[in-house]
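Take a look at the structure below.
FYI, it's all coordinate maths here, none of it is from the lab. Everything numeric in this text was worked out from a predicted model, so none of it was measured. Cβ coordinates were reconstructed from backbone atoms using ideal geometry, including for glycine residues, and neighbour counts include every protein chain displayed.
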Amino acid sequence: MKTKRAYAFSECLATNFTNLADKSFHSDDCPTLQKICFTVQDKNFQVNFGIQDKEKENQRNEAFTKVIDQGPIARDSYRNLAALQPELPREKTIYKTKKRINEEMNCAIPIFILNISNLPSLTPINGNSDINDQEIVEEVLKYIGKAGYRKISDILLFILPDLIDRHVLNPDNPIINLRISGDGRNVGRKVKHVIITCTILDDFTNIYKADYHYTILLYPGNESYELLQKVIAPMASELNDLVLNGLEDLDGRLWTIKPYFSSDWKFMAIILGFNAPNSKYFCP
């Protein structure tokens, strides 16, 4: 009810502004009411008027969404912050922006869910977990026993235009030096994940930046031969096809893929196999 009254009050102010502006200014001055801010019982209100630029508004909301994700800032924390600063986008607006971005990215680079059975190495989340964010806990529990997989070809087709525009890749010499990396990681101290990423070795200025390492595979669990043998099968098949047949982009250009594998010794040995210490080439 308080919000409805605030909107009705804002409409009255807008009407009064128009009437007073016509009396106080010349018609050629074109006075415009942009926004008003007021407080009712310690609750801040801000009302914007006029035609909004949807493109600029989307860019602003995307910028806030990026900061919140990279922060990270929890939902309740941002809601409290937005209550103190009325010029900040509402939490509902951020949610809609996230949903829109996820839908657009899911169309460009679909995520496939791989079912993994018999996972004795998974670490369950229990009452002793040091993860306090309920969203993270629910998301991890949702994908226990499953792996997320994105096709390398979808990732490359999505980033190729930008790489060409930045002159990282040369269309006249269509060769992509692709590095595959993998490692285990801890989310807190209780939940373990294994992640496999790819990056473009030709992009020298950004090769050490996390934003330019693109996730191919992600699953909750430990680094083990049995698990990796199951989850990397689609990736290995696709990578073999890319190396043999190349990648055709949207312009019909055929790119040659040169793969490289890089990781720590444990992960590399699991992927490439263990050799006896007395073998000729015992180290991967």
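If I stretch the segment between Asn16 and Asn80 completely, what's the gain in nm (0.36 nm per residue apart, minus their alpha carbon distance), one decimal?
Full extension from Asn16 to Asn80 adds 19.8 nm.
Can you compute the FRET efficiency between Thr32 and Phe112 using 1/(1 + (r/R0)^6), with r the Cβ-Cβ distance and R0 = 35 Å? Round to the nearest 0.05.
0.10
So what's the Cα pair-distance distribution over the stretch 1-51, bin width 5 Å, in %?
Here the calculated profile for the stretch 1-51 is 4, 19, 26, 21, 14, 9, 5, 2.
Could you work out how far apart the two model spin labels at Thr93 and Gln46 are, taking each label as a point 7 Å from the Cα in the direction of the beta carbon, and quote it in nm?
About 0.7 nm, to one decimal.
What are the aspartates and glutamates whose alpha-carbon lies under 17 Å from the alpha-carbon of Lys98, with same-chain residues fewer than 8 places away excluded?
Output for Lys98: Glu55, Glu57, Glu62, Asp69, Asp76, Glu135, Glu139.
To make sure I understand the rule: partners must be aspartates and glutamates, Cα under 19 Å from the Cα of Lys266, and not fewer than 8 residues away in the same chain. Which ones qualify?
Counting by Cα, and skipping residues close in sequence, Lys266 has these aspartates and glutamates nearby: Asp183, Glu223, Glu226.
With respect to the cross-link table entries Lys146/Lys192; Lys66/Lys92; Lys66/Lys99; Lys230/Lys258, which display a Cα-Cα separation exceeding 19 Å?
Lys230/Lys258
Excluding residues on the same chain fewer than 8 positions from Lys23, give the lysines whose Cα lies under 21 Å from its Cα.
The qualifying lysines are Lys35.
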